[in-house]
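Encoded as structure tokens, here's the structure I'll be asking about.
The values are calculated or read from the model by the stated rules, or taken from the named source; none is laboratory data. Bear in mind the structure is a predicted one, so any value in this text is a computation, not a measurement. Cβ coordinates were reconstructed from backbone atoms using ideal geometry, including for glycine residues, and neighbour counts include every protein chain displayed. Quick note on the areas: whole protein, heavy atoms, side chains included, nothing else; ligands and nucleic acids left out. Shrake-Rupley method; radii C 1.70, N 1.55, O 1.52, S 1.80 Å.
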Amino acid sequence: MLQRIQSIYLLGALLLIVALFFVPFAEIVGSDGSIYVFDKAGIYLQGAKDPEILYGGLAIQVFLGIIVLVNLVTIFSFKKRIRQIRLSVFNILLMIGLSGVIYYFASHSAKLLGGKFSFEPSLVMPLIAVVLTYLAIRSIGRDEALVRSIDRIR
């Protein structure tokens with residue numbers, strides 16, 4: 001399973017998406033100078049002992065869960081290359097959608113709090129995962145072309 005380069009690409013994309021469960025996406029500075037953190041749980045005040053979540057992050061958690069699940073199914077369907085390509089394309093669309101949802105949540109919350117937002121470097125992870133998934137699609141396509149050419153010779 002992991003002897004093919006596309007499996008390594010897909011595993012790298014999976015690890016990047018799983019890492020998003022543990023890192024913040026953005027910081028929002030409110031109009032009163034308080035700093036809010038935006039991560040998978042939602043938006044809450046930084047440094048509070050018992051942080052009260054102002055806006056929940058259930059949509060982002062669902063997106064991350066679906067992306068991880070689709071990526072796992074893609075990795076383990078290595079015998080069906082066409083399905084693997086289709087799932088990878090679907091996964092790319094989901095990761096782009098995740099980036100859009102994160103941007104919307106951050107900008108909308110900053111507007112409601114009357115402040116400004118700044119993204120963390122971790123927001124690049126879904127975009128790197130998109131590139132890795134695209135490289136996996138190219139490698140899967142090469143394997144499929146090779147198998148079809150061998151079948152043509154027989």
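On the full set of protein chains, 1.4 Å probe, figure out the accessible area of Ile137 and give it in Å² to the nearest 10.
Probe radius 1.4 Å; accessible area of Ile137 about 30 Å².
So, one more: Per residue, how much accessible surface does the chain expose to a 1.4 Å probe? Answer in Å², no decimals.
Value returned for the chain: 57 Å² of accessible area per residue.
Let me ask something additional. With charges only on Cβ, +1 for K and R and -1 for D and E, what is the dipole size of the chain about its Cα centre, in debye, rounded to 20? Write down the numbers at each step before the final one.
Details: 15 positive and 9 negative charges, 238 e Å.
Here the chain has a charge dipole of around 1140 debye.
If one computes P(r) from the Cα atoms of the stretch 1-108, what percent of pairs lie at distances over 24 Å?
Tail fraction, whole percent: 35.
Roughly to the nearest percent, how much of the accessible area of the chain is carbon and sulfur, given a 1.4 Å probe?
That share works out to 67 percent.
In percent, how large is the relative contact order of the chain, given Cα pairs closer than 8 Å and 6 or more residues apart? Working shown, then result.
Numbers: 212 pairs, mean separation 50.6, N = 154.
Normalised by residue count, the contact order of the chain is 33 percent.
Taking amide H atoms as placed 1.01 Å from N in the peptide plane, list the residues 5 or more away in sequence, or in a different chain, whose amide H sits under 5 Å from that of Lys116.
Amide H neighbours of Lys116, under 5 Å, 5+ apart: Val29.
Also, I was wondering about something else. In the P(r) worked out for the stretch 50-154, what percent of Cα pairs fall beyond 22 Å?
In whole percent, the long-distance tail amounts to 46.
Using only alpha-carbon positions, what ratio does the radius of gyration of the stretch 14-70 give when scaled by 2.2 N^0.38 Å?
1.24
Follow-up question, since we're still on this one. By accessible area of protein heavy atoms, probe 1.4 Å, what ranking do Arg83, Arg148 get, highest first?
Arg148, Arg83
Express in Å², to the nearest 10, the accessible area of Leu15 obtained by rolling a 1.4 Å probe over the protein heavy atoms while all chains stay in place.
About 110 Å², ignoring ligands and nucleic acids.
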